Amino acid sequence: MPQHKGSLIVLYGAATLAALGGFIIGFDTGAISGILAMPQFNEAFPGITSAQQGFLVSTILFTSFVGCLISGWLADIFSRKRSIIFGALLFAVGAALETVGITIVVLFVARAVAGFGAGIMSNVIPMCKFINFF
């Protein structure tokens, strides 16, 4: 069966995007630590305590744990592909809310939504790769 160059490009593109699924939480945690140190952040959110900053960083980790817990159930009910898409959409919505968040509450909610989506993806993507390997 002949291989088409276009189908290989799509295959490699999809594999690359899927591999980045586990990268999301680490990248987000690293990015927020740099953002918290920026003078613009301190000007936009004066008076934020170090405890609030720590909770802001760890919110994504708490909610990604919850996302991981229910990701298997979501994959069984809705399929792995739809679960990955749902997780990616949740992460994108959370990231978009983080960029436009003008209050600290919006930032916490946005990071919670993004973490939930990242947790779903970080569990379903490796499961999908493992099952498709065999």
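The values are calculated or read from the model by the stated rules, or taken from the named source; none is laboratory data. Remember, predicted model here, so these are calculated numbers, not experimental data. All Cβ positions, even for glycine, are placed from backbone atoms using ideal geometry, and neighbour counts span all protein chains on display.
Note on region 92-124: residues that are in contact with a Phe, Trp or Tyr (Cβ under 9 Å, 6 or more places away or on another chain), closer than 15 Å to LEU56 by Cβ and in a helix (DSSP H, G or I) total 8. What do you reckon, is PHE65 under 29 Å from ALA15 (Cα atoms), touching a residue at least 40 places away in the same chain (Cβ under 8 Å), surrounded by fewer than 15 Cβ atoms within 10 Å (Cβ to Cβ) and within 12 Å of the chain's Cα centre (by Cα)? In short, yes. Here are the criteria: (1) assigned to a helix (DSSP H, G or I); (2) farther than 29 Å from MET127 by Cα; (3) over 18 Å from the mean Cα position of the chain (by Cα). Tell me which single one GLY47 does not satisfy. Of the numbered conditions (1) assigned to a helix (DSSP H, G or I); (2) farther than 29 Å from MET127 by Cα; (3) over 18 Å from the mean Cα position of the chain (by Cα), the odd one out for GLY47 is (1).
Within region 68-82, the presence of at least one residue that is assigned to a helix (DSSP H, G or I), within 21 Å of ALA31 (Cβ to Cβ) and in contact (Cβ under 8 Å) with a residue 12 or more places away in the chain is confirmed.
One residue stands out among those in region 109-134 that are at pLDDT 95 or above and surrounded by fewer than 21 Cβ atoms within 10 Å (Cβ to Cβ): the one that is farthest from the chain's Cα centre (by Cα), which is VAL109.
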